[in-house]
């Protein structure tokens, strides 16, 4: 695709804007519904649209799609965009390898496959074999692989799938030696993985839905079951439930030594409850580790009877704590690594006596090597400002990490913990794209109340700040989610045609811990909108762009953000 000039783009967008003003949208189903909250009447005229199976709703969706399709088909350069995007997406995407039972496993997409293929090999310098190709799970591509969970001995792998984008989960089991499916098949599970103990695994599920309402029933009474291989699902054992808390949902986890089972409960607070029970004694009772959903509490591992816990209990930016299996209650926990300036976002154990801790500082990652006793040894030097993820295990000393940033597709590195050396293992090459042609900078701008908000700007080198640059401003601001540097092939099309990609780290996210999150929730929600508006004003006031060339977008919770601003 030839680069589209700004004049061509502006002319085309003017034509499109004119066409948009003449669009005639279908009338949505509505009624006179009014709800009263604390004496305040709140109209909800589009309540009928909540009935997603109604004929009127289906007809309205079909009519909306027809309007959209007719508009998109008239975009004069749409085919050129499609061709260039296809070329940008057509590159090898490598996943981090991990080791299990003598095999290295890793995901890889050789270009435009809908889903990455799971490969394995005995040695990373030898050609791998396909272990599981999710693209073959359905003829029409509507079945998505959502997770693969290996037994602790590596003999079996349970994998979870979703059909047609549904939240409902099915579980299948493979023999890893033969790669053959076993007859075990779990249906109507949801929000679950598969955590193994011996010859079976734990999973989470709701009661099977009423026929005809599989996708509209309310989710209530989540439970944890144990499935033993070779038995029907009807024989699965109910392990945990809280009938008096129908809106909570639960997940189970079992450490490698299979000594205990942990159950986390969440859904009605900012964090989760946590229970633990011995697996050595069939009559053992549940012990409460965390009784409230006020804090996030995650068990990382159990080593020689010590529980390693990642939590924001008493630490809005998170810390690492320990507990004993004999006395695991929260008031008996001990601090191993205290809260730091950055937000602790990841802990990976490597070899018998090392940990790698990842911190988020000003919305980008830094990584450090620690001892199991909590002593910091050194910082791992990453390639530049960006985001990192590690693959490591206590069972062997090999460490891999993936690094990415706005102009750099994910690259894999080997890291030698003893030598403190990183070497490139696998990179990514996109035809017609050179990362060195672009620059990313971080700026800080004041919001309405004076709070300094960080924002990343990515653009082509040599760009002039003359107020004539189109800007794509993205924000989210919610649910404690951080917007860190990441690569997107579709953004490259925007950048190579002279656009600026701006990503604002609004309050409501997790960039600076729980305090930053709470500063954008409930009665503080207005801060999120003000932060986003201030980002746009900053781009205009500093000469990056003008109001006519600035677009805003936000996905999911970000849709509320865009609608409000």
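Every number here is computed from the coordinates shown, using simple stated rules; none is lab data. Given the structure is predicted, the values throughout are model-derived calculations rather than measurements. Here the Cβ is made from the backbone with ideal geometry for all residues, glycine too, and neighbour counts use every protein chain on show.
What the table shows:
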| read-out | value |
| --- | --- |
| Potential extension, residue 72-residue 421 segment - 0.36 nm per residue separation minus Cα distance | 120.6 nm |
| Distance from the range 209-251 to the range 50-67 (C-alpha centre basis), Å | 31 Å |
| Long-range Cα-Cα pairs in the chain (distance over 40 Å), rounded percent | 33 percent |
| Euclidean distance of C-alpha centroids, the range 94-141 and the range 167-186, integer Å | 17 Å |
| Potential lengthening between residue 101 and residue 32 on full extension [0.36 nm per residue; Cα-Cα distance subtracted] | 18.6 nm |
| Per-q log10 I(q)/I(0), the range 352-510, q = 0.10, 0.13, 0.21 Å⁻¹ (Debye; single scatterer per alpha-carbon; no solvent) | -0.45, -0.72, -1.34 |
| At R0 = 41 Å, FRET efficiency that the Cβ-Cβ distance of residue 384 and residue 257 yields, to 0.05 | 0.55 |
| Label-point gap, in nm, between residue 142 and residue 280 - each point 7 angstrom along Cα→Cβ | 5.0 nm |
| Stretchable slack from residue 86 to residue 153, in nm (0.36 nm times residue separation minus alpha-carbon distance) | 20.0 nm |
| Residue 110 paired with residue 22, simple spin-label distance in nm, labels 7 Å along Cα-to-beta-carbon | 4.8 nm |
| Per-selection Rg to Rh, the range 255-339 - Cα, Kirkwood hydrodynamic radius | 0.95 |
| nm² value of the averaged projected area, convex hull over the Cα atoms of the range 167-284 | 8.7 nm² |
| Tensor-based shape of the range 347-428 (alpha-carbon gyration tensor, a/c under 1.5 rounded, otherwise prolate or oblate) | oblate |
| Prolate/oblate/rounded call for the range 445-497, Cα gyration tensor, a/c under 1.5 rounded | oblate |
| FRET efficiency for residue 220 and residue 47, using Cβ-Cβ distance with R0 set to 30 Å, rounded to 0.05 | 0.90 |
| Centre separation in Å (Cα based) which lies between the range 441-460 and the range 403-437 | 26 Å |
| Mean ellipticity per residue at 222 nm, deg cm²/dmol - from DSSP H runs of n ≥ 4 across the chain, formula -39500 (n - 2.57) | -4500 deg cm²/dmol |
| Spin-label model distance (nm) - residue 452 vs residue 304, 7 Å beyond Cα toward Cβ | 4.3 nm |
| Relative contact order for the range 198-343, counting Cα pairs under 8 Å that sit 6 or more residues apart, in percent | 12 percent |
